[in-house]
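The next block holds one structure in the form of structure tokens; read it before the comments.
The values are calculated or read from the model by the stated rules, or taken from the named source; none is laboratory data. A quick note: this is a predicted structure, and the numbers were derived from the prediction, not measured. Cβ: placed from backbone, ideal geometry, glycine included. Neighbour counts: every protein chain shown. Heads up: the accessible areas ignore ligands, DNA and RNA and are worked out on the full protein's heavy atoms, side chains in. Shrake-Rupley method; radii C 1.70, N 1.55, O 1.52, S 1.80 Å.
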Amino acid sequence: IKLFLLPFFIYTIDTLSNIITGAMCGAGVIDLNNYGENLVILKILILFFGLLWLVINNEDIKQKNFPFLKRKLYYFIFIFFLINIEFYLDIKYFINISTESITQCCSTIYNTISTNPLPFSISIQYLLIVFFTIFILSFLSNISNLKQKYLISALLNLLLLYISYYAIVYFFGIYIYQLPTHNCPFCMLQKDYYYIGYIIFIFIFLGTFFGIINLILKLLIKNTIKKYYILSNIFNTIYILILILYVIVFYIKNGVFF
């Protein structure tokens, strides 16, 4: 259910931007009060932990004597506790949204004129080098026979997730919008851009999930599953190819890069 509720929540937030003064997309609505950003992060974490529970439960069912029963039940209680916090934040967030409030638009929130928003103030060129380097290293680690592959893959996928956010917002996003001054992770979720943001972010989530799940499985049930490395490579490769395709298509149409 959470697989559908999270995109629906984002879609609802984006729809509310039509009645909130100053908001052009979901970014302004999320920024409207102190609960929005924390709520989105918590929803993503609950989805991650919930999918992980399903994997552990599936592995437990395969065994004859259910060796992971106690651990998965404690883990379930932890997830239930997070869902209760989420429910509380849902209420606090929505009751503190006022249609009379004025919020910032995404152009202000993700402004790049006054300061460099990239990690360690690096340039876009270095950001792209780091982005593709981490992706290649992650891909190679997932098909390698390293003893600590589960740890290396998890670390590289977390780094890729972190760098992907900046690469999408401050480089690939401008090719999706075809506007060099538009830096926003929310507008690409709208109809004007064929909801491509949902596809990109879902594939990023799945690529990261399958990239780090074996580390958690190793810690919880002392086992890893080879197919998850393959799935991580597949999802990571697909969303990166989509991003690259936008740049290529823009160049073919206009003959220049931004």
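Figure the gain on full extension for residue 132 and residue 258 (residue separation times 0.36 nm, minus the Cα-Cα span) and round it to one decimal in nm. It would help to have the intermediate numbers written out before the result.
Working: separation 126, 0.36 × 126 = 45.36 nm, distance 1.89 nm.
Length gained between residue 132 and residue 258: 43.5 nm.
Can you compute the FRET efficiency between residue 237 and residue 37 using 1/(1 + (r/R0)^6), with r the Cβ-Cβ distance and R0 = 30 Å? Round to the nearest 0.05.
Numbers: r = 30 Å, r/R0 = 0.99.
Plugging the Cβ-Cβ distance into 1/(1 + (r/R0)^6) gives 0.50.
Only protein atoms count toward the accessible area here, which uses a 1.4 Å probe; on the range 73-203, the carbon and sulfur part of that area reaches 70 percent. Measuring r between the beta carbons of residue 64 and residue 111 and using R0 = 45 Å, the FRET efficiency lands at 0.15. Go ahead and run the numbers for FRET between residue 145 and residue 219, Cβ-Cβ distance against an R0 of 35 Å, rounding to 0.05. Computed FRET efficiency for residue 145 and residue 219: 0.95. Model label sites at residue 53 and residue 101, defined 7 Å from Cα along the beta-carbon direction, differ in position by 3.0 nm.
Output the relative contact order of the chain, whole-number percent, from Cα pairs under 8 angstrom with separation of 6+ residues. Don't skip to the end; give the middle numbers.
Details: 278 pairs, mean separation 47.8, N = 258.
Value for the chain: 19 percent.
Suppose only helical runs count, i.e. DSSP H with n ≥ 4. What mean residue ellipticity at 222 nm does that imply for the chain under -39500 (n - 2.57) per run, divided by all residues and rounded to the nearest 500 deg cm²/dmol?
Working: 10 runs with 176 residues, N = 258.
Here the helix-only value at 222 nm equals -23000 deg cm²/dmol.
Simple rule: put +1 on each Lys or Arg Cβ and -1 on each Asp or Glu Cβ in the chain, find the dipole, and look at 184, 148, 195; the Cα lying farthest toward the positive end is 148.
Phi angles across the range 116-126 convert, under the Karplus curve 6.51 cos²θ - 1.76 cosθ + 1.60 with θ = phi - 60°, into 3J(HN,Hα) values of 8, x, 6, x, 6, 6, 6, 7, 4, 4, 5 Hz, Gly and Pro given as x. Projecting the Cα positions of 236, 110, 223 onto the charge dipole of the chain (unit charges on Cβ atoms of Lys, Arg, Asp and Glu, taken about the Cα centre) puts 223 furthest along the positive direction.
Remark: the chain carries a charge dipole of roughly 1300 debye about the Cα centre, counting +1 on each Lys and Arg Cβ and -1 on each Asp and Glu Cβ. Once C-alpha pairs closer than 8 Å and six or more residues apart are averaged by separation and normalised to the residue number of the range 1-71, the relative contact order reads 19 percent.
Each of 35, 136, 19 was scored by the projection of its Cα onto the charge dipole of the chain, and the greatest displacement toward the positive side belongs to 136; charges sit on the C-beta of Lys, Arg, Asp and Glu. Once C-alpha pairs closer than 8 Å and six or more residues apart are averaged by separation and normalised to the residue number of the range 113-258, the relative contact order reads 23 percent. Among [x] 1.02; [y] 1.00; [z] 0.97, only one was calculated for this model; which label is it, if the read-out is Rg/Rh (Cα atoms, Kirkwood Rh)? It is the value labelled [y].
Taking a ≥ b ≥ c as the square roots of the eigenvalues of the Cα gyration tensor of the range 156-258, is the shape rounded (a/c under 1.5), prolate (a/b larger than b/c) or oblate? Present the calculation step by step, with values, prior to reporting the outcome.
Values: a/c = 2.77, a/b = 2.46, b/c = 1.13.
Prolate.
Taking trypsin sites (Lys or Arg not before Pro) in DSSP loop conformation with at most 10 other Cβ atoms inside 10 Å as exposed sites, the chain has its longest uninterrupted site-free stretch at 65-146. With protein chains left intact and a 1.4 Å probe, residues in the chain average 56 Å² of accessible area per residue.
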